[in-house]
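In what follows, a single structure is set out as structure tokens and then discussed.
The values are calculated or read from the model by the stated rules, or taken from the named source; none is laboratory data. Here the structure is a predicted model, which means the values were calculated and not measured. Cβ coordinates were reconstructed from backbone atoms using ideal geometry, including for glycine residues, and neighbour counts include every protein chain displayed.
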Amino acid sequence: MSDVLVFFLHGLAYAGLLFLVSSGLTLVFGMMNVLNFAHAALYMLGAYFSFTILHATGQFWLSLIICPIALFVIGACVERFLLRRVHVFGHLHELLLTFGLAYIITEAVKWLWGNYPLAVNISGYLNGTVEIFGLAYPIYRIFIFVWGVLVSLAMAAILFKTRLGVILRAAVNDNEMVNALGINVPRLFTGVFAFGAALSGFAGVIAGPLLSTYPGMAQEILVDAFVVIVVGGFGSLGGALIASLLIGELQSFGVLLFPKLSLVLIYLLMSIVLVIKPSGLFGEKQ
Amino acid sequence: MTRKSTLSFVLIFVVGVLLPLVLRRYQLNMLTEIIIFALYAVSYNILLGYAGLLSFGHAMFFGLGAFITAISILHISHLSFWICLLIAVGTTTLVGVAIGSLLLRLKGAYFALLTLAFNSLFYAVATKWHSVTGGDDGLSIKRPVVNLGFTLLKINTVTAFYYLAFIIIGIVIVFCWYFTHTAMGQTVILMRENEDRMKFLGYDTSLSRLILFTFTGAIAGLAGVFYTLHFQFVSVSAISLDMATTVLLITFVGGTGTFWGPILGAFVYIILQNYLSDITDRWPVFMGLIFILMVLFIPGGLSKMILSAKDRLGGKREGSEVMEGENA
């Protein structure tokens, strides 16, 4: 019984992380129709920045603030100076550009930090355990899940309660019309892309102490995040939330129940969803 | 076939046959590698350049062909080279039909994403299924003897293997070229331009796309066969995402606008890789930079650049083709 609880909580923690990564990805995709292959590379960059900051100062909260800001700036520059240039050539080129960026970032990380895992240690109360139903469970994993919940609530509040949210939702539907109504859509794109980058950088900082920091971490989470988007439905935040929980738990219980098949399980789920509903669980348009 | 293209085929054939006389051993080895990757890229270009389908999963066919070759050589004693080819190409064809009918339900970025996910699935299976694929250790093989009907050809020397690869791959590439000029190949191009119109004209566009996807998969599988035979070794890197993105790099550098672009891309990529990796361990960074610069400034690739340079040197101006058409 306690095993089941532990794996359930593990699943929640991974779901929290997955949501932080895939929500930014799906938001950018919904708005700009750009599948950002560099998204996970930015997440990795966040993790490595955090490693360096922790190494220098030992302040986890500091890196939790600085890294997203740094990634926001990087994201804004990428959108403004690179993506916008190739926008006229069509989606294929935008996709190829983000792919090239991911490639360069991964290689640059290997160059600068080395092609081996780096352990990130945190001290203080985050490193402790908490008692749940008589079970000592690491606080840090709960901390991740809480952040996932907080971010999803904040995003829902922005999207459905503010004027900005109204504009964003309108731009997802028809950005030319929004542009015609006098709203600066290019600037909106830059903002959304930078926000997505900041979110993935944030996720990277949080992932550091849980998973180790290594050059393959981007590709690993990228595929999982893509599966989340496919299963949840392209561009749907609610879908990303549900699918993150689904995939997180599936990953976790997969390791417990079918250790040999655990890697294949999520692809199996994805294939089933595709056969039944190609647009994903909550996707409307194809 | 026009007179000009027949002439260039003959010229390439003669040069290819004579090259082993002048090249050194390691250069010939590199040339063989180039030819193999050229076939891989040509198959990928039919998917990307002709049909407009961006795939991040072409390595699943390449790797499958490579692994099937190694596994069948190891498990079937005295396996004939031709049977080995048949098994590998047959398997990749069947897998192509199965995967294609699942993935081609989606288009554009969705399709790209799914190919990536499926390639990861293949990679995961290859890594985990240690007893068959050798996992991270890989599989080592010996090249089989080729029965030419009248004589047995041993392909364990660099030169003999080069000739085998050059002739078989050459024939297959010519066949690919022919394929793009058939009604089927032209249908695919028209579908890319305006799918609805093709549907109204009565074409079954999803069937055409499935046939094309399967065809390119089988060709990539064939390239995988030669990959295994060339290195006499195969590991999970053959089916990895890196291998899938390598072919994208090659094709894009060469240019997707022409048939021969990817072949040029294979030459440039393999030579550049060999050259860069001699002077720096960080060559992937430079490859990435070259790629981004090309996406930004030369979206048509090298072949497009050469064509426009040729136009300029020939004294033609842009739009000259249209004018010629009017005069004719």
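Looking across segment B:230-259, the residues that are of a type in the set (S, T, N, Q) and within 11 Å of another protein chain (Cβ to nearest Cβ) come down to B:240, B:245, B:246, B:251, B:256. Quick check on residue B:203: is it free of Cβ contacts under 8 Å to residues at least 60 places away in the same chain and at negative phi? Judged against the criteria, residue B:203 is a match.
State yes or no: is residue A:279 surrounded by fewer than 24 Cβ atoms within 10 Å (Cβ to Cβ), small (Gly, Ala, Ser), touching a residue at least 40 places away in the same chain (Cβ under 8 Å) and within 11 Å of another protein chain (Cβ to nearest Cβ)? Yes, satisfied. Does residue A:105 satisfy the criteria of being at pLDDT 90 or above, within 14 Å of another protein chain (Cβ to nearest Cβ) and surrounded by 13 or more Cβ atoms within 10 Å (Cβ to Cβ)? Criteria met by residue A:105. The C-beta contact set for segment B:108-120 (first residue closer than 13 Å to residue B:242 by Cα, second residue β-branched (Val, Ile, Thr) and surrounded by fewer than 24 Cβ atoms within 10 Å (Cβ to Cβ), distance under 6 angstrom, 6+ apart or interchain) comprises B:120/A:223. Exactly one residue out of A:252, A:271, A:244 is in a helix (DSSP H, G or I), of a type in the set (S, T, N, Q), out of contact with any Cys (no Cβ under 7 Å at 6 or more places or on another chain) and buried (at least 24 other Cβ atoms within 10 Å of the Cβ): that is A:244. Kindly evaluate residue A:213 against the criterion of being modelled with pLDDT of 85 or more, more than 24 Å from residue A:235 (Cβ to Cβ) and away from chain B (no Cβ under 14 Å). Criteria met by residue A:213.
Taking (1) without any contact (Cβ under 8 Å) to a residue 24 or more places away in the chain; (2) surrounded by 12 or more Cβ atoms within 10 Å (Cβ to Cβ); (3) within 30 Å of residue A:265 (Cα to Cα) in turn, residue B:164 satisfies each apart from (3). Quick check: is even one residue across segment A:54-73 within 29 Å of residue B:244 (Cα to Cα) and not basic (Lys, Arg)? There is at least one residue in segment A:54-73 that is within 29 Å of residue B:244 (Cα to Cα) and not basic (Lys, Arg). Within segment B:74-132, the set of residues being over 23 Å from residue B:153 (Cβ atoms), in a loop (DSSP other than H, G, I, E, B) and more than 10 Å from every other protein chain (Cβ to nearest Cβ) comprises B:104 only. Set side by side, the residues A:171, A:198, A:218 differ, and just one is more than 14 Å from every other protein chain (Cβ to nearest Cβ), closer than 30 Å to residue A:137 by Cα, touching a residue at least 40 places away in the same chain (Cβ under 8 Å) and touching a helix residue (DSSP H, G or I) at 6+ places or on another chain (Cβ under 6 Å), which is A:198. The condition of being over 18 Å from residue A:203 (Cα atoms), more than 14 Å from every other protein chain (Cβ to nearest Cβ) and not in a helix (DSSP H, G or I) does not hold for residue A:125. Just so you know, in segment B:31-57 the residues that are within 9 Å of the chain's Cα centre (by Cα) and either of a type in the set (Phe, Trp, Tyr) or outside any helix (DSSP H, G or I) (or both) include one that is nearest to residue B:208 (Cα to Cα), and it is B:44. Considering only residues in segment A:255-268 that are of a type outside the set (A, V, I, L, M, F, W, C) and surrounded by fewer than 16 Cβ atoms within 10 Å (Cβ to Cβ), the one that is nearest to the other protein chains (Cβ to nearest Cβ) turns out to be A:260.
Counting only residues that are crowded, with 24+ Cβ neighbours inside 10 Å and among the hydroxyl-bearing types (Ser, Thr, Tyr), segment A:193-212 holds 1 of them.
In the set A:83, A:54, only one residue is farther than 21 Å from residue A:27 by Cβ and modelled with pLDDT under 90; that residue is A:54. Residues considered: B:52, B:63, B:96, B:57. Of these, the only one that is surrounded by 17 or more Cβ atoms within 10 Å (Cβ to Cβ) and more than 15 Å from residue B:221 (Cα to Cα) is B:52.
In segment A:108-122, what residues are more than 7 Å from chain B (Cβ to nearest Cβ) and among the small types (Gly, Ala, Ser)?
Result: A:114, A:119.
Figure legend. Inter-residue proximity from segment A:124-151: first residues closer than 22 Å to residue A:245 by Cα and in contact (Cβ under 8 Å) with a residue 12 or more places away in the chain, second residues in a helix (DSSP H, G or I) and aromatic (Phe, Trp, Tyr), beta-carbon distance below 7 Å, spacing 6+ or different chains. Indicated pairs: A:139/A:125; A:148/A:19.
Taking residues in segment A:55-75 that are outside any helix (DSSP H, G or I), and partners anywhere that are of a type in the set (Phe, Trp, Tyr) and surrounded by fewer than 18 Cβ atoms within 10 Å (Cβ to Cβ), not one pair has Cβ atoms closer than 8 Å while being at least 6 places apart or on different chains. Of the residues in segment B:253-263, at least one is surrounded by 15 or more Cβ atoms within 10 Å (Cβ to Cβ) and either at pLDDT 90 or above or among the charged types (D, E, K, R) (or both).
Put simply, of A:132, A:167, A:139, A:158 the only residue that is touching a strand residue (DSSP E or B) at 6+ places or on another chain (Cβ under 6 Å), farther than 20 Å from residue A:49 by Cα and among the β-branched types (Val, Ile, Thr) is A:139. The residue list A:9, A:27, A:5 contains one member that is of a type in the set (A, V, I, L, M), more than 25 Å from residue A:108 (Cβ to Cβ), assigned to a helix (DSSP H, G or I) and under 17 Å from the mean Cα position of the chain (by Cα), which is A:27. State the number of residues belonging to segment A:174-195 that are outside any helix (DSSP H, G or I) and either in contact (Cβ under 8 Å) with a residue 60 or more places away in the chain or on the phi > 0 side of the Ramachandran plot (or both). Adding up the residues that qualify gives 1.
If I go through segment A:83-98 residue by residue, how many of them are facing chain B (nearest Cβ under 7 Å) and in contact (Cβ under 8 Å) with a residue 12 or more places away in the chain?
Going through segment A:83-98, the residues facing chain B (nearest Cβ under 7 Å) turn out to be A:85-86, A:89, A:91-93, A:95-97.
With the extra rule that they be in contact (Cβ under 8 Å) with a residue 12 or more places away in the chain, the set shrinks to A:91, A:95, A:97.
Adding up the residues that qualify gives 3.
Total residues in segment B:274-313 satisfying the condition of being more than 13 Å from every other protein chain (Cβ to nearest Cβ) and under 30 Å from residue B:9 (Cα atoms): the figure is 13. Set side by side, the residues A:199, A:265 differ, and just one is within 27 Å of residue A:84 (Cβ to Cβ) and either assigned to a helix (DSSP H, G or I) or under 14 Å from the mean Cα position of the chain (by Cα) (or both), which is A:199.
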